[in-house]
Amino acid sequence: MLFIVLGLVLQLVAVACWVLIFAHAFQRSLGTGVMVMLIPIYNLVYAFTQFEHRRKGLVLAGAIGGFVLAVVLRTVGSALMPA
């Protein structure tokens, strides 16, 4: 149960970080924002190449690392749950 809750918290952190990236993309232009939202690989390309933020490394770590850790923790937590 603890792994699942921790995974959900990390997933919320990742979503908050991606919202910052999406907001930046939509501030640039509507077309860029739509591309970032609809093309899965382009959001990573945009995040690493065009996203400008004072704490870019922390936002990217929260977005990508938080998502990966959330998936791992929620998978482990669901595997450890009793049937």
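Quick notes on this structure:
- Single match in ALA79, ALA23, ALA16 (criterion: touching a residue at least 12 places away in the same chain (Cβ under 8 Å) and in a helix (DSSP H, G or I)): ALA16
- Close contacts from segment 51-74, counting a first residue that is touching a residue at least 60 places away in the same chain (Cβ under 8 Å) and a second that is in a helix (DSSP H, G or I) and crowded, with 18+ Cβ neighbours inside 10 Å, with Cβ to Cβ under 7 Å and a gap of 6+ residues or different chains, come to LEU69/LEU10; ALA70/GLY7; ALA70/LEU10; ALA70/ALA14; LEU73/GLY7; LEU73/LEU10; ARG74/GLY7.
- Meets criteria (modelled with pLDDT of 95 or more and among the β-branched types (Val, Ile, Thr)) for VAL19: yes
- Checking the stated criteria, PHE3 turns out not to satisfy the condition of being of a type in the set (Phe, Trp, Tyr) and either out of contact with any helix residue (DSSP H, G or I) (no Cβ under 6 Å at 6 or more places or on another chain) or not in a helix (DSSP H, G or I) (or both).
- Unique residue being in contact with a Phe, Trp or Tyr (Cβ under 7 Å, 6 or more places away or on another chain) and of a type in the set (A, V, I, L, M) when the list is ALA63, ALA79, ALA23, ALA47: ALA63
- Count - residues of segment 5-27 that are within 23 Å of ARG74 (Cα to Cα) and surrounded by fewer than 17 Cβ atoms within 10 Å (Cβ to Cβ): 8
- Filtered residue count, segment 28-72, keeping only those that are surrounded by fewer than 16 Cβ atoms within 10 Å (Cβ to Cβ), assigned to a helix (DSSP H, G or I) and among the small types (Gly, Ala, Ser): 4
The values are calculated or read from the model by the stated rules, or taken from the named source; none is laboratory data. Owing to the predicted nature of the structure, the values given are computational and were not obtained by experimental measurement. For neighbour counting, all protein chains shown are included, and Cβ atoms are generated from backbone atoms with ideal geometry for every residue, glycine included.
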